[in-house]
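Just below is one structure, and these are the notes that go with it.
The values are calculated or read from the model by the stated rules, or taken from the named source; none is laboratory data. Owing to the predicted nature of the structure, the values given are computational and were not obtained by experimental measurement. All Cβ positions, glycine included, derive from the backbone under ideal geometry; neighbour counts span all protein chains shown. What goes into the accessible areas is simple: the full protein's heavy atoms, side chains included, and nothing from ligands, DNA or RNA. Shrake-Rupley method; radii C 1.70, N 1.55, O 1.52, S 1.80 Å.
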Amino acid sequence: WNKCWPSKMIYGRGYDQELKALSDKVVVVGVAVDLDERKLWFSSNGEWDETPSFSADLLPEGATLYPAMSLMGRGSFNFGPKFEHGPPANWGKAFGNWPFAPDGVIRVDCPLIGNSDVLSVYKEIQLHGELSLKRNVQRLVANRKYLEMPKHKRSLAVSISGAGTLSGTYSRSAARGGMPMYSNEGGYCIYWQPEAQRWILAEAEDSAETLASAAGSPEEGLPPRTGWEVPFEKRGVIAVEAFTATLEQGGVSSADCQKLVATLAAPDSQGQRVIFRDNGSTSLEAEWEKLSSPPMAAKDAWALMVAQEQQGLLAQLGLPAGTAVVETEHPYKAQSHTWSRDVSIKGAKELSVFFSSKCVTYDSCAALRIKAGISNATGVGARVLFQTLGPEYDCEQMRGTVVEQCSGGLMKVLIDEDDFKESGVWQALHPSGDDGEDKEKEMEPSFALCAAEQKIAKVKFKKGVKVGDEISAFAADTSFLVSPFTVAGFKGPGPAFEEGVQSGWFLDISATLEACDKIAEAWAEDPAAEDEDVAGTIAHVQTQLEGVLEMTDVTLVFVNGLKASLLPSAQVQYGSDQKVGDEIESFEEVDGDLIISSFKDDGPAQDAGVQEGWRVDLHKVLHQGPAKKKEEGVTQKLMNLRQALTNAKAEEKEEELDEDKLLKKPELLLEMSGVKLFFEPASQENPELFVGYGGQEEGCYTLWETCKIPSDCASFTFATDGDGVDYASRRWGFFAVVMPTPAEGAAGPSKKDIDEFAERWVQVTERATGFGESLALEPEDWDEARLRALCAKHGWEFEWMTEDGERHRRMEIGERL
């Protein structure tokens, strides 16, 4: 557009034209659109332009408009219904809210423009749909300011990535050995060591320990981007006891354990015998490939060992069983991101969350929020919402009930019939148009294999390496229609196994076709793809997958199961020899609901995630129908509850039972066996119980005091907008210990205990995890070398922006059009 806010006519209305910046602290920009007349107005703090900024000559008929803004700083959209200022009053028309927009304020903060660390917060252009940096970008045209910027205007700082807590910005602070020295807020520094002709990364200038080093020369004058060597001890070490215990629990034979210990164990710098992930002569990955039948990938095994070390620390502190640690990275990344985690401790009446006094976030836009969560019990009867395979924009969501717990944290889920009949899978199986009649027929049950924690592996088979050299075959299972194709087995080690893929993992066909043009083009050229009766059938896809086994230089995407989340409800089936009262001690009537007041013993309801305080849905219980024949093999045959209750007591045979009678005599329900009960929380409201941000410095927004969760499950959500890239110390994040609330009169851990534990936990975790050879260094400013390195990474052309170049490109585009 050749016009935008602010236009040249609005001096003094919140914008300084000379400084090109806001003159007021907060400016409310109003936008009013007349879609019929194709006119658009801007306002500043309620003062509207007298004439439209855009008229019909600039808004073509049929054009699509959507709200968007480009800014550096903090901003938000307000789509109503409450506005600070009204619409144009002199136009004579009634203006309404923007159609289909969300209510309230939507923040779109953008602290920097063009900063690669926060690029996800800002969009120079709107891109809708998939963007492949390799396929869809041809050339990077850079503004010449990056070439011509005077040295005194350039940032002299460098940024380190891939080095755990060492990552972040290092500013020039002094000189050493005739070369510049760099340091960060934590005191870590980079300096030149002339005797060794190397750049050194150390904890302090006078530290004897080298954390990383790289060869260089005085002529270059700057530390190199790559080539940083990390001492073997910094690449990850594990105690021998934790190493062997984890392997034996994972199914590795004692003989193989001894071989691995013999090749990987050595004394560390303190003289302790530990396991080195990489000791210079060999590595865990190299030795792992020599095992005859490893139960998992080497990286997965190492992750389990790190968890074993962490559990050992919890045991040393003497904390109750089930105690968990929830934490951010230290520091967390200065990129816009959000993550969630649920912690459930079975049998706890209440949870307490203890925080380290080191907790700090950059500001209120980087916050932790805690709610009472849904128990993560995934036993038979738990209800789940799962997502089909494929890209996010093309996925479907369905509900179902867990009918079997499988190994590896997987759940076999019976899909709700109504959801399945509305799905794209059903439509594909019934394309003839008689879909309405088919929906009335009794259908075969369909299942989904869902993962409590979904794992995705994007596997690249290099040129010359056939898929079939590693994977023996792809199997099809028609009982899992939403994801029918799995890895049948392996012929030997290869890239898929190295990425953690195991037998039984699903092939995500949609994601594979998006990730690999070679497979997509081959399938599109298949003559059978034009036959509507054949294309897309399981048999046809199976044939196409046989062809994939013969391909090289392709990328496949695998998942261990469908992405699922637990729903706050459960369908619990009690066996014919199992009374409800064997598990539930008592019910109580509260405001017309039958509420579980206490449990007596373990049982199917708690396995399905039911908690004290949940209600029985008596309407569903009393109106459920008898089981269908085909459900007999899925769950135990249902007994109509009315009949069950009637048969239980002879004197009740002639009495019609209803919700009021069960509310008055809940003991009738406790005596029942062979019945199916429906449970849900008594209240659907789930308020935030804690919000934490800031820290002990810079205003002390939150004291991070202990909070209590009146449930056996807590749900943690951390979100940040990406601010604070230059302030790593203010992005330390949070560290929390979650445990059952100590009994009345018993003292929980003190702040000092938590602080000491947090420091030890972080040290042990960093030492065990290591940062390998992933350390990289970049200048804070973009220069020609950095721009060309980026282009080389993605295979782009590169050139500097010139007027002639832009003119030729526009002419070329015009000719194409």
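Average 1/r across all pairs of distinct alpha carbons in segment 202-280, invert it, and you get the Kirkwood radius: 15.0 Å. For ASP49, the accessible area of its heavy atoms, probed at 1.4 Å with every protein chain present, is near 20 square angstrom.
Placing R0 at 22 angstrom, the Cβ-Cβ distance between LYS708 and SER683 gives a FRET efficiency of 0.80 after rounding to 0.05.
D by Stokes-Einstein for segment 319-367, Kirkwood Rh over Cα pairs, 37 °C, 0.692 mPa s: 244 µm²/s. Each residue, ALA473 and ASP57, gets one label point 7 Å from its Cα in the Cβ direction; the gap between the two is 7.2 nm. When HIS794, HIS619, HIS540 are compared by accessible area at a 1.4 angstrom probe, the order from most to least is HIS619, HIS794, HIS540. Computed packing ranks the peptides 280-287, 549-556, 267-274, 602-609 as 602-609, 549-556, 280-287, 267-274, most packed first, by mean other Cβ atoms within 10 Å. Kindly identify segment 339-419 as rounded, prolate or oblate by the Cα gyration tensor criterion: order the square roots of the eigenvalues as a ≥ b ≥ c, call it rounded if a/c is under 1.5, otherwise compare a/b with b/c, prolate if a/b is larger, else oblate. Because a/c hits 1.5 or more and a/b fails to exceed b/c, segment 339-419 counts as oblate.
Cα gyration tensor of segment 659-747, axes a ≥ b ≥ c as square roots of the eigenvalues: rounded (a/c below 1.5), prolate (a/b > b/c) or oblate? Judged from the Cα gyration tensor, segment 659-747 comes out prolate (a/c at least 1.5, a/b above b/c). Residues within the reach of a label modelled at LYS346 (point 7 angstrom out along Cα to beta-carbon, backbone nitrogen below 20 Å), restricted to segment 450-479, are 450-453.
Subtracting the Cα-Cα distance of LYS664 and ALA245 from 0.36 nm times their residue separation leaves 145.4 nm of extension gain.
Counting only heavy atoms of the protein chains and using a 1.4 Å probe, GLU797 has close to 80 Å² of accessible surface. In the full protein context, segment 33-78 carries 61 Å² of accessible surface per residue, based on a 1.4 Å probe and ignoring ligands, DNA and RNA. GLU329 exposes around 110 Å² of accessible area when a 1.4 Å probe is run over every protein chain in place. A simple packing score, the average count of other Cβ atoms within 10 Å per residue, orders the peptides 751-757, 398-404 as 398-404, 751-757, with the highest score first. Computed from label points 7 Å out along Cα-Cβ, the spacing between ALA175 and LEU317 is 4.8 nm.
Computed from label points 7 Å out along Cα-Cβ, the spacing between GLN397 and ALA524 is 3.2 nm. Multiplying the residue separation of ASP36 and ASP103 by 0.36 nm and removing their Cα-Cα distance gives an extension gain of 21.7 nm. Between ALA208 and THR717, full extension at 0.36 nm per residue minus the direct alpha carbon distance yields a gain of 179.2 nm. As a fraction of the 1.4 Å probe accessible area of segment 178-265, surface on carbon and sulfur atoms comes out at 49 percent.
Per residue, the solvent-accessible area of segment 235-378 (1.4 Å probe, heavy atoms of protein chains only, all protein chains present) comes to 45 Å². Would you kindly calculate the translational diffusion coefficient of segment 151-303, applying Stokes-Einstein with the Kirkwood radius from alpha carbon pairs, for 25 °C and a viscosity of 0.890 mPa s, and quote it in µm² s⁻¹ without decimals? Rounded, D is 138 µm²/s. Scanning residues 5 or more positions from LEU140 or on other chains, those with amide H under 5 Å from its amide H are GLU797, PHE798, GLU799, with H placed 1.01 Å from N in the peptide plane. Treating each Cα of segment 706-817 as one equal point scatterer and applying the Debye formula with no solvent, the log10 of I(q)/I(0) at q = 0.14, 0.15, 0.18, 0.22 Å⁻¹ comes out as -0.93, -1.00, -1.22, -1.36. Stokes-Einstein diffusion of segment 539-614 at 25 °C, 0.890 mPa s viscosity, Kirkwood radius from Cα pairs, rounded to a whole number: 145 µm²/s.
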